Amino acid sequence: MLKKPEKKTAADNIYSELGSSIIEMRIQPGVIVTINDLAEEMNVSRSPVRDALIRLEQQGLITTLPQKGIMISRINLEKAQKEQYIRYSVEINILKEFLERYTRRNMTDLKSLIEQQESAIGKQDVRDFLALDDEFHQYFFAVCEKQYCADLIWGAAGNYQRLRQLICVDETHQRNVVEDHKEMLESIKKRDKEMLIHQASRHLLDIDDNALKLGEQYPELFEAIPKPGRMRIFGNDFLGGLVKG
């Protein structure tokens, strides 16, 4: 008999919603909130909020500040680079395996994802673009029956994921990503492993220069001393303001 799927608890829902808001940069890094703020805004009791925050702190997405509250963790560039390196190291081997087992249907699916990314650029939807980018790369893992590896990598890359959100505010970067994807598909089609690895390495490691520029442009997201204050946690959209600006 198949097991019934487990029902999500209030803590699960809070963890998912708040975690997504942090990763998607809807909440600015460095902001300080309290358990009471979160409970009031999400219309729940303090207990499930506390449980969700424990999990988010284990992921490094929040930091508990004694007698102050909960800080949305600032982006740690050193950790972002390490998270990037872990993904790169695994994905390169996934691509080698994919090259030996892909089908015509797989190529069609990947081309469709690229087209959807181009559409997201036209709509200036950074989050949709990045969601499709993740789907494009995780597709290789799925075909190679390594989705569990992808879940581990993406689930432990909060700094890297937020850095990517910031980098992709630049439409030129988005278009470069799409061109990289097209080149990778051409190499796969030709079964050119050497070229594919070269292209993928350049593509997957392309954040260092951008990260330094962002550190200069938005130092408060990386190093600023947080300032406490009452705010509507989910009412604003930090990244959205950057896109519109």
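Check each of the trypsin sites (Lys or Arg not before Pro) in the range 44-144 and keep only those in coil by DSSP with at most 10 other C-beta atoms within 10 angstrom; list them in order.
LYS123
Note that the range 131-186 carries a Kirkwood radius of 12.4 Å, evaluated over its alpha carbons pair by pair. Annotation: extensible slack from ASN36 through LYS7 equals 7.9 nm (criterion: 0.36 nm per residue apart, minus Cα-Cα distance). Over the C-alpha trace of the range 59-100, radius of gyration and Dmax come out as 16.7, 56 angstrom.
When the chain is fully extended, how far beyond the present Cα-Cα distance does LEU212 get from ASP180, taking 0.36 nm per residue of separation? Present the calculation step by step, with values, prior to reporting the outcome.
Details: separation 32, 0.36 × 32 = 11.52 nm, distance 2.17 nm.
Roughly 9.3 nm would be gained on extension.
Springs between Cα atoms under 10 Å define the GNM used for the chain, and in it the highest mean-square fluctuation of MET71, MET184, MET42 occurs at MET42. Relative to the dominant Cα principal axis of the chain, helix 171-189 is inclined by about 40°. For the chain, the carbon plus sulfur part of the accessible surface works out to 49%, probe radius 1.4 Å. Calculated accessible area for the chain comes out at 57 Å² per residue, all protein chains present (probe 1.4 Å; ligands, DNA, RNA ignored). Roughly what angle does helix 46-58 make with the longest principal axis of the chain, taking Cα atoms, 0 to 90 degrees, to the nearest 10? Tilt of helix 46-58: around 40 degrees. Only lysine pairs 8 or more places apart or on separate chains count here, and in the range 89-216 those with Cα atoms under 25 Å apart total 19. log10 I(q)/I(0), Debye, Cα-only the range 26-158, no solvent, q = 0.10, 0.15, 0.18, 0.21 Å⁻¹? Log10 of I(q)/I(0), two decimals: -0.49, -0.91, -1.07, -1.20.
A Förster radius of 22 Å, combined with the Cβ-Cβ distance separating TYR88 from ILE54, puts the computed FRET efficiency at roughly 0.15.
Among LEU113, LEU152, LEU95, the largest mean-square fluctuation in a Gaussian network model of the chain, built with springs joining Cα atoms closer than 10 Å, belongs to LEU152. Mean sequence separation of contacting Cα pairs (under 8 Å, at least six apart), scaled by the length of the chain, corresponds to a relative contact order of 32 percent. On the principal axes of its alpha-carbon atoms, the range 160-218 has extents of 42, 18, 16 Å, going from largest to smallest.
The values are calculated or read from the model by the stated rules, or taken from the named source; none is laboratory data. No experiment lies behind these values; they were computed from the predicted model shown. A quick note on method: Cβ atoms are made from the backbone with ideal geometry, for glycine too, and the neighbour counts reach across all protein chains shown. Accessible surface is based on the protein model in full, side chains and every heavy atom, while ligands, DNA and RNA are left aside. Shrake-Rupley method; radii C 1.70, N 1.55, O 1.52, S 1.80 Å.
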